[in-house]
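J.: Following this message is one structure expressed as structure tokens.
The values are calculated or read from the model by the stated rules, or taken from the named source; none is laboratory data. Please read these numbers as outputs of a predicted model, since none were measured by experiment. Neighbour counts run over all protein chains shown; Cβ positions are idealised from the backbone, glycine included. Only protein heavy atoms, including side chains, enter the accessible area calculation; ligands, DNA and RNA are left aside. Shrake-Rupley method; radii C 1.70, N 1.55, O 1.52, S 1.80 Å.
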Amino acid sequence: EKGGFRSFMDKEIHDQPQAVADTLLGRTNASGALVLDDVRVDETLLRAVNKIIVVACGTAAYSGHVAKYAIERWCRIEVEVELAHEFRYRDPIVDEKTLVVAVTQSGETMDTLMAMRHAREQGALVISIVNTHGSTIPRESDAVLYTHAGPEIAVASTKAFLAQVTAAYLLGLYLAQLRGCMRPDEIAAVLAELRDMPQKIHTVIERGEHVRATAESMRDASSVLFLGRHVGFPVALEGALKLKELAYIHAEGFAAGELKHGPIALIDEGQPVFVVVPSPRGRDSLHSKMISTIQEIRARGARTLVIAEDGDDEVHAYADEVFWIPQAPKLLQPLLAVVPLQMFAMALAAAKGLDVDQPRNLAKSVTVE
Ligand code: F6R
């Protein structure tokens, strides 16, 4: 039941630290090596993989976008992410050296099931990342990595998404271990950072009041934009999807670098724009690029709603609101940055008097093509 929360979604957002912790639990064998749950695949085949294609729909596909950055970085294998319904109908190039990763909360999404069946017919290996035990997709996969988020009741996915992202990191580390792309101590270091994430997610949730108050003041907004770069890009896409489906507001996520190629024309006086700012500690130019982006849109009248890491003192000057998240390694930041966006969409929907657990026109499990 809702356990004192206003909605299942509210409860499930609060369940997120546990969902991530449980997904990390029990992933190593007696010798400390990472393991998959259910494996019907020869490891020599996995070592020979030369391309990974993640197939999924909606929020689950955004977890695949995050996985791409992590797996390519850690394993140096090419990763494509494709919406399952697009993959299925374009005669994709797939063979025995292709690993298809199907990501799904329900394990029953018809588009994802058809895509994985198609891939297997071409000889591809399929590993699925699934939340629901006993569902169809894990039964038909060569190996499974279960997300232990527990049952997700609200139609809009929250804790399943965080668990999918967590499982995708584990898969990346598993492949890196199997293929010898990372040293055991490097893998252990990432795992240790991952184990710190539940506490940090908890901190973000505890800071939710500022997000809620901001959402309530935006009841009349007719459009909200979301910008991100690198792993912040899928976070922006997910923030926009949550807002559309829950609050029925026009919302779009963009890669920040794409702005000047068109979308910046949308910015006018008062246009709310969320910006996901990467860590200022990263040894790259991502952070300064995002600061320039915030300046540019602010100069054109945007109301800037910035998600930034604790200790980032450069964002202040150009942000109308800052939603602070704890510091985390660059690749792991999505587990934190997406949480204020989930809470924002939920609070805005609630402020409009909408049913946050059952948005109109949507079903929890999409079992038709
Ligand atoms: C959005 C949402 C959907 C699902 C999508 C895939 O909040 O929940 O976009 O992520 O329908 O569903 P599963 O993960 O069950 O395959």
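J.: Give me the residue from the range 225-257 that is free of Cβ contacts under 8 Å to residues at least 40 places away in the same chain and out of contact with any Leu (no Cβ under 9 Å at 6 or more places or on another chain) and, out of that set, nearest to Val81 (Cα to Cα).
T.: Out of the qualifying residues, it is Gly257.
J.: Same structure, new question: Taking Tyr69 as meeting all but one of (1) in contact with a strand residue (DSSP E or B) (Cβ under 9 Å, 6 or more places away or on another chain); (2) within 16 Å of the ligand (Cβ to nearest atom); (3) not in a strand (DSSP E or B), write down the number of the exception.
T.: If we test Tyr69 against (1) in contact with a strand residue (DSSP E or B) (Cβ under 9 Å, 6 or more places away or on another chain); (2) within 16 Å of the ligand (Cβ to nearest atom); (3) not in a strand (DSSP E or B), just (2) comes out false.
J.: So Asp111 passes all but one of these: (1) of a type in the set (Asp, Glu); (2) open to solvent by less than 50 Å² (accessible area, probe 1.4 Å); (3) under 18 Å from the mean Cα position of the chain (by Cα). Which condition number does it fail?
T.: Here Asp111 clears every test but (3).
J.: I've got another one for you. Would you mention how many residues in the range 258-310 are assigned to a helix (DSSP H, G or I), polar (S, T, N, Q) and touching a residue at least 40 places away in the same chain (Cβ under 8 Å)?
T.: Step one: list which residues in the range 258-310 are assigned to a helix (DSSP H, G or I), which gives 258-261, 263-266, 286-299.
Within this subset, residues satisfying the condition of being polar (S, T, N, Q) are 288, 292-293, 295.
Now narrow it down to the ones that are touching a residue at least 40 places away in the same chain (Cβ under 8 Å): 293.
So the answer is 1.
J.: Here's something else I'd like to know. Specify which of the listed residues (Ala84, Ala56, Ala60) is within 16 Å of the ligand (Cβ to nearest atom), over 16 Å from Tyr169 (Cβ atoms), open to solvent by less than 30 Å² (accessible area, probe 1.4 Å) and touching a helix residue (DSSP H, G or I) at 6+ places or on another chain (Cβ under 9 Å).
T.: Details: Ala56 fails: over 16 Å from Tyr169 (Cβ atoms); Ala60 fails: over 16 Å from Tyr169 (Cβ atoms).
Every option except Ala84 fails the conditions.
J.: Taking Ala102 as meeting all but one of (1) more than 9 Å from the ligand (Cβ to nearest atom); (2) within 27 Å of Arg76 (Cα to Cα), write down the number of the exception.
T.: Looking at each condition in turn, Ala102 falls short on (1).
J.: If I go through the range 159-212 residue by residue, how many of them are among the small types (Gly, Ala, Ser) and more than 16 Å from the ligand (Cβ to nearest atom)? Show your work before the answer.
T.: Going through the range 159-212, the residues among the small types (Gly, Ala, Ser) turn out to be 160, 163, 167-168, 172, 176, 180, 188-189, 192, 208.
Those still in the list that are more than 16 Å from the ligand (Cβ to nearest atom) too: 172, 176, 180, 188-189, 192, 208.
The qualifying residues number 7.
J.: Now for a separate question. Based on what the data block shows, is Arg90 without any contact (Cβ under 8 Å) to a residue 60 or more places away in the chain and open to solvent by 30 Å² or more (accessible area, probe 1.4 Å)? Outline the logic, then answer.
T.: Details: without any contact (Cβ under 8 Å) to a residue 60 or more places away in the chain: yes; open to solvent by 30 Å² or more (accessible area, probe 1.4 Å): yes.
When the stated conditions are applied, Arg90 passes them.
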